[in-house]
Amino acid sequence: MVEQSVYDEFSNNLRGRLVRPGDKEYDESRSVYNGMIDRKPKCIAYCHNVADVITAVRFARKENFRPAIRGGGHNAAGLGVCDDGLVIDLSTINFTHVEPQEKTVRVGGGATWGDVDHATHAFGLATPSGIVSTTGVGGLTLGGGLGHLTRTYGLTIDNLLEADLVLADGSFVTANKDQNPDLFWAIRGGGGNFGVVTSFKFRLHEVSTVYAGPTFWEMDEAEEIMHWYREFILDAPNEINGFFAIQIIPPVPPFPEHLHNKTMCGVLWCYPGSLDKAEEVFEPIRKVGNIALDMVGPLPYPALQSMFDELYPAGLYSYWKADYLTQWSDEAIKKNIEYGSRIPTPLSGMHLYPVNGAAHEVGNDETAWSYRDANWVENIVGFDPDPANNKKITTWAREYWEEAVHPFTTGGAYVNFMMDEGEDRVRATYRDNYERLAKIKAKYDPDNFFSVNQNIKPFTNGSREKINQKESKLRTTNNR
Ligand SMILES: Cc1cc2nc3c(=O)[nH]c(=O)nc-3n(C[C@H](O)[C@H](O)[C@H](O)COP(=O)(O)OP(=O)(O)OC[C@H]3O[C@@H](n4cnc5c(N)ncnc54)[C@H](O)[C@@H]3O)c2cc1C
């Protein structure tokens, strides 16, 4: 039992607030994006600067509190909050500093992508990120980061130049290609396992007005469209980004009324190339099947990035299942149509994100993100505002994944789309990079202090044997 005076001292040493059970903002402070997550930490420290983060890490060590690091709080598995521990909240460390001449941006560890896009767009610049602007820079980057610019400029980690971290012993370090290069390698895909990132520095690209938006087709054309999309996106020039989706059309403007609440298949495009060439580039795409809705046109990049913010607000109940795919077989397509036609609630759906193009220009062992040979990440997303539908969305997502996704996968999943799925799934995700990650974890966090994440266990003398056993088990499972 920690005395009140210990909390008081901790609170006095922080520039930000310390929130505890009984405080009127406690329930709001412990909530994260996914409404299904209901965890009760012992306290939440709103860290305003690096000094606050160091204070929080030292407090957690001394009092033996398990820390959860919260960036944007978007993680579907709720990894930004924990039971009975300390939440290190970074939301007020959200500064952005653009260097237009060198085309870089330095960003606070708790910023959202909306903060970044807002700052960089003023200079006609952007860096690859996700598709919803309220998502945290921290979690998305550390897990890899895929979105509308992946095929053109790579994953978010491919554009990360440097990060500052507070480590498990409270020390402060910089990681880049010259300083602590092992740590720099590990944080590019290894998640929040290695320390609290207080700032990131990204490379920027000239992206301002993009030619973007969705095209939708009726489900009775889905098989033809999916076959076409599969071939098209594997060979498309890197300037063309487009993720495939099966989705229910929202009953709100700007969607036309005759399509409201209809399950349809579509592609959400983003072409950051020359606008003069855009119509010509999209001419053949517009001839595919009978497009029922074409909303593709010139759009400021931040408008594309925030297109879904209102439809997907914080507090929705959500459950996701995902995998990497190298191929999308005819059989997989048939199964996707079967399960995709049974979307249980208006906001649920299936997304197939391409991770080829520029993302393939980096090798499997050049960063911790070990699936450069995958062509897609498929994510089945169950979403609803009503908790009464939790079972419905969870059951559908699980069944869809079991029947239409997982039998066709290469074995692992993108850590940012995973729920709490156990150690084997984490190992399957990092494949040959796991042992190297475990050794770096042992160097920087030997006690596994940062464990509220897709956890990489520190390498110990018995680890090699355990890894061999797991690998042989995985080989057996994957061969079935
Ligand atoms: C609506 C929605 C849309 C999404 N779209 C995309 C997308 O387009 N592309 C994509 O790649 N992903 C996407 N995601 C997934 C997203 O990348 C993950 O949920 C990610 O974990 C969110 O990061 P966060 O900082 O908001 O999360 P949090 O819940 O705050 O944190 C998630 C994990 O990251 C760690 N972490 C966060 N910040 C830091 C930090 N500064 N230092 C150390 N560790 C940290 C935490 O400890 C935790 O383990 C989306 C998620 C949602 C809910």
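The values are calculated or read from the model by the stated rules, or taken from the named source; none is laboratory data. Everything quoted here is computed from the prediction, not taken from an experiment. For neighbour counting, all protein chains shown are included, and Cβ atoms are generated from backbone atoms with ideal geometry for every residue, glycine included.
Remarks
- Residue that is farthest from the chain's Cα centre (by Cα), among those in the stretch 189-216 that are assigned to a loop (DSSP other than H, G, I, E, B) and more than 13 Å from the ligand (Cβ to nearest atom): 208
- With respect to the conditions (1) closer than 17 Å to residue 294 by Cα; (2) surrounded by fewer than 22 Cβ atoms within 10 Å (Cβ to Cβ); (3) at pLDDT 95 or above, residue 225 lacks only one, and its number is (2).
- Inclusion of residue 131 among residues that are within 28 Å of residue 364 (Cα to Cα), of a type outside the set (Gly, Ala, Ser) and within 12 Å of the ligand (Cβ to nearest atom) is warranted.
- Only one entry in 186, 175 is closer than 30 Å to residue 442 by Cβ and either touching a residue at least 40 places away in the same chain (Cβ under 8 Å) or of a type in the set (Lys, Arg) (or both), namely 186.
- Residue that is of a type outside the set (Gly, Ala, Ser), under 21 Å from residue 114 (Cβ atoms) and not in a loop (DSSP other than H, G, I, E, B), where the choices are 48, 97: 97
- Filter result for the condition that a residue is farther than 29 Å from residue 248 by Cα, more than 8 Å from the ligand (Cβ to nearest atom) and either out of contact with any Phe, Trp or Tyr (no Cβ under 6 Å at 6 or more places or on another chain) or not assigned by TED's automatic domain parsing to the domain that holds residue 435 (or both), over 232, 123: 123
- Meets criteria (crowded, with 21+ Cβ neighbours inside 10 Å, assigned to a loop (DSSP other than H, G, I, E, B) and near the ligand (Cβ under 7 Å from one of its atoms)) for residue 73: yes
- Residue in the stretch 100-111 that is of a type in the set (A, V, I, L, M, F, W, C), in the same structural domain as residue 152 (by TED's automatic domain parsing), part of a loop (DSSP other than H, G, I, E, B) and more than 12 Å from the ligand (Cβ to nearest atom) present: no
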